[in-house]
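J.: Before I ask anything, here is the structure I am working with.
The values are calculated or read from the model by the stated rules, or taken from the named source; none is laboratory data. Since this is a predicted model, take the numbers as computed values, not measurements. Please note: Cβ atoms are built from the backbone with ideal geometry, for glycine as well, and neighbour counts cover all protein chains shown. Each accessible area value is taken on the protein alone, full model and side chains, heavy atoms only, with ligands, DNA and RNA left out. Shrake-Rupley method; radii C 1.70, N 1.55, O 1.52, S 1.80 Å.
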Amino acid sequence: KGIGEKLLSLEGADIGYDADGEPLLRGIDLTINRGVKLILRGPNGAGKSTLLASLRGKLPLLQGKRVENEKLRLGVFTQDLAQELDVNARGMDLVTEYAREGKDGDFTVSNQDARGVMGRLGLGDEKPLRKVGELSGGEKARVALSMFALKASNLLMLDEPSNHLVSCIFVLS
């Protein structure tokens, strides 16, 4: 159902700036359809994160347009997300609050739901109750992943999710 439906696209997009003030990427035409899996590979500085930021709508295009399907429900994990978490908040509270907020949020998500997801990502026992500032880099990354694991998405963008994670496999149904 809905396989092949266009969720998000860039049309004739120029993106970002290089050291000389020129667009980093030019003339990007990219369509992401439901059911497709994409991997962006390239050396550091090639523009992978810049492209993802433009796809997310966080970085304005220099030229061209971004087209979003009205049914798009975007889940995003950025390489810096774990470092942006409130260090004074408990992990479980951040996960629950994020899952409940916004147009795609679900106010019925419980603390038990959050602890279940966190446990499956390796944050069991008392770790969900710890303040984020007391967690390791990998544990912070797991809190960040837990945040959007409870929010329904039909397009996931993961920008370097494995920086602090070892042996994680994501299966979405």
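J.: On the protein heavy atoms, probe 1.4 angstrom, tell me the percent of accessible surface of the chain carried by carbon and sulfur. Before the final figure, lay out the partial values.
T.: Working: 5020 of 10330 Å².
Answer for the chain: carbon and sulfur cover 49 percent of the accessible area.
J.: Relative contact order, percent, of the chain when contacts are C-alpha pairs under 8 Å separated by at least 6 residues? The partial results should precede the final answer.
T.: Values: 278 pairs, mean separation 42.0, N = 173.
Worked out over the chain, it gives 24 percent.
J.: Grab the DSSP H runs of the chain that are 4 residues or longer, score each as -39,500 (n - 2.57), total them, divide by all residues and round the 222 nm result to the nearest 500 deg cm²/dmol.
T.: Working: 4 runs with 42 residues, N = 173.
The helix-only estimate for the chain comes to -7000 deg cm²/dmol at 222 nm.
J.: Moving on. Accessible area per residue for the chain in Å², computed with a 1.4 Å probe and the full protein assembly in place, what is it? All intermediate terms of the calculation are to be shown ahead of the outcome.
T.: On the way: 10330 Å² over 173 residues.
Ligands and nucleic acids excluded, the result is 60 Å² per residue.
J.: May I ask you to list the GluC sites (Glu not before Pro) in the stretch 1-106 that are in a DSSP loop and have at most 13 other Cβ atoms within 10 Å of their Cβ?
T.: On the way: sites: GLU5, GLU11, GLU68, GLU70, GLU84, GLU97, GLU101; in loops: GLU5, GLU70, GLU101.
When the GluC sites (Glu not before Pro) of the stretch 1-106 are filtered for loop state and at most 13 Cβ neighbours within 10 Å, GLU5, GLU70, GLU101 remain.
J.: Determine, for the chain, the count of lysine pairs separated by eight or more sequence positions (or lying on different chains) whose alpha-carbon distance falls under 17 Å.
T.: Taking the chain as the scope, the lysine pair count is 12.
J.: Quick one: Cα convex hull volume of the stretch 99-161, Å³ per residue? Could you put the intermediate results ahead of the total?
T.: Values: hull volume 6.2 nm³, N = 63.
For the stretch 99-161, the hull spanned by Cα atoms encloses 98 Å³ per residue.
J.: As an exercise, use a Förster radius of 30 Å and the Cβ-Cβ distance of ARG73 and ASP29 to find the FRET efficiency, rounded to the nearest 0.05. The partial results should precede the final answer.
T.: On the way: r = 23 Å, r/R0 = 0.78.
About 0.80, to the nearest 0.05.
J.: Compute the normalised compactness of the stretch 66-145: alpha-carbon radius of gyration over 2.2 N^0.38 Å, N being the residue count. Could you put the intermediate results ahead of the total?
T.: Details: Rg = 13.4 Å, N = 80, 2.2 N^0.38 = 11.6 Å.
In units of the 2.2 N^0.38 Å rule of thumb, it is 1.15.
J.: Beyond 21 Å, what percent of the Cα pairs of the stretch 1-150 remain?
T.: Details: 6165 of 11175 pairs.
Tail fraction, whole percent: 55.
J.: Step by step: find N for the stretch 18-82, compute 2.2 N^0.38 Å, then divide the Cα radius of gyration by it. What's the final number?
T.: Details: Rg = 12.9 Å, N = 65, 2.2 N^0.38 = 10.7 Å.
The stretch 18-82 yields a ratio of 1.20.
J.: Using the Cα centre as the reference, give the magnitude of the dipole from point charges on the C-beta atoms of the chain (Lys, Arg: +1; Asp, Glu: -1; all else neutral), rounded to the nearest 20 debye. It would help to have the intermediate numbers written out before the result.
T.: Working: 24 positive and 24 negative charges, 116 e Å.
The calculated dipole for the chain is roughly 560 debye.
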